[in-house]
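> Dropping a structure here in C-alpha cells format, bear with me for questions.
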Amino acid sequence: MATDALILVDIQNDFLPGGALAVPEGDAVIPVVNRLQSAFDIVVASQDWHPADHLSFASQHEGLTPFEVTEVDGLTQILWPDHCVQGSHGAEFAADLNMGRVDAVFRKGTDRRIDSYSAFHDNGHRKATGLADWLRARDVTAVTLAGLAADVCVYFTAMDAVDEGFATRLVSDGTRGVDLQPGDVDSAFDRMRAAGVEMVTSERIAGH
Ligand code: VGL
Ligand code: ZN
C-alpha cells in the first residue's frame, strides 16, 4: 500500500540556538515534528555527520573564514564553522526530539571531500545515501519534510525528493532557515513551490 513518510532533516544540536551553526528559532521545529509523527506510518531522520577534517569547514582552508565561498573537488562550497562532527554533542539529535518513532537514520557528509546537503545524495550527485531505495522498498510514494535548515539541507532534500519521483510536501511551520543573505529562505520556498513541492501547515496534516 502506498504510504507517506515523514523525513526529519538534521534536527541536531549544532543547528539549534547555541549550536555551532545555529539556525534562528531552530528549536521551534521540535514540538511541531514531535506532534506530527503519529500521523505517519514511517518516520526517518537525516543526520549531518562530518569527520573532524571535513572540507566544508573553513578551519580546513588556510586564510578563509566561515561563510566564504571556495571550490572543493570541482564544486562550489560555502565554508561553514566546524559543525556536526561525528561523535560530538553538536552532532547528536536534539534532546527533546522524539526518536522513539524513527525507523531509520541516514547519515550524510561523511566523506571528507564532498558535502551533502540533501538526505538523498551528496552535492555532486556522486553517491546516494540509500534513502530513496529504502523508501521505495517500503512502498513510499509521498514524503513530508520538516527540519533544518529550510534554505540549505531541507531545500536540497526537497528538490531531490521531487527528482526521485516522490510527491513532496514541506511542513511550513516545521522548518526554519539560516538566511545567510536576507531573503534566502523566501527564495528557497519559491523555488521549492515552483518545482512542485506542496507547502502545508502541520495543523492541516490529517490524523494529527
Ligand atoms: C546544513 C550547512 C552545512 C543543514 C548542513 O543541515 O542545513 N547546513 N551542513
Ligand atoms: Zn554540514
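> If every alpha-carbon in segment 154-208 counts as one equal scatterer, what log10 I(q)/I(0) does Debye give at q = 0.12, 0.19, 0.20, 0.21 1/Å?
-0.28, -0.67, -0.73, -0.79
> Given axes a ≥ b ≥ c from the Cα gyration tensor, I'd like to know whether segment 84-124 is rounded (a/c under 1.5), prolate (a/b larger than b/c) or oblate.
Oblate.
> How much of the calculated P(r) for segment 107-188 lies past 21 Å, in percent of all Cα pairs?
Roughly 29 percent, rounded to a whole number.
> Rounded to the nearest 20 debye, what is the charge dipole size of the chain about its Cα centre when +1 sits on each Lys and Arg Cβ and -1 on each Asp and Glu Cβ?
It works out to roughly 540 debye.
> Helix 184-195 versus the longest principal axis of the chain: what angle, 0 to 90°, nearest 10, using Cα atoms?
The answer is roughly 50 degrees.
> Further question: Could you tell me which of rounded, prolate or oblate describes segment 74-145, using a ≥ b ≥ c as the square roots of the eigenvalues of the alpha-carbon gyration tensor, with rounded for a/c under 1.5 and, failing that, prolate when a/b is larger than b/c and oblate otherwise?
oblate
> Pairs of Cα atoms under 8 Å, at least six residues apart: use those to get the relative contact order of the chain, whole percent.
25
> Further, regarding this structure: Which part of segment 164-184 falls in the paramagnetic zone of ALA28, meaning amide N under 19 Å from the point 7 Å along Cα-to-beta-carbon?
Answer for this model: 170-184.
> Then there's this: Please grab the % of Cα pairs in segment 115-160 that end up more than 15 Å from each other.
Everything past 15 Å amounts to 43 percent.
> Once you charge only the Cβ atoms, +1 for Lys and Arg and -1 for Asp and Glu, what is the size of the charge dipole of segment 30-140 about its Cα centre, to the nearest 20 debye?
I would put it at about 400 debye.
> Taking 7 Å along the Cα-to-C-beta vector as the label spot, tell me the PHE67-THR3 distance in nanometres, rounded to one decimal.
4.2
> In addition: Enumerate the amide H contacts of THR168 below 5 Å, restricted to partners 5 or more residues apart or on another chain; note that Pro and chain-start residues carry no placed amide H.
The answer is VAL143, GLU198.
> Using a/c under 1.5 as the rounded threshold, could you call segment 1-145 rounded, prolate or oblate? The axes a ≥ b ≥ c are square roots of the C-alpha gyration tensor eigenvalues, and prolate needs a/b larger than b/c, oblate otherwise.
oblate
> Which residue, SER88, ALA119, ALA150, has the largest displacement toward the positive end of the dipole of segment 57-208 when charges sit on each Cβ (Lys, Arg +1; Asp, Glu -1)?
ALA119
Where a number appears in this text, it was derived from the coordinates with a stated rule and is not lab data. Treat the numbers as computed from the prediction; the structure is a model and nothing was measured. No Cβ is skipped: glycine too gets one built from the backbone with ideal geometry, and neighbour counts run over all protein chains shown.
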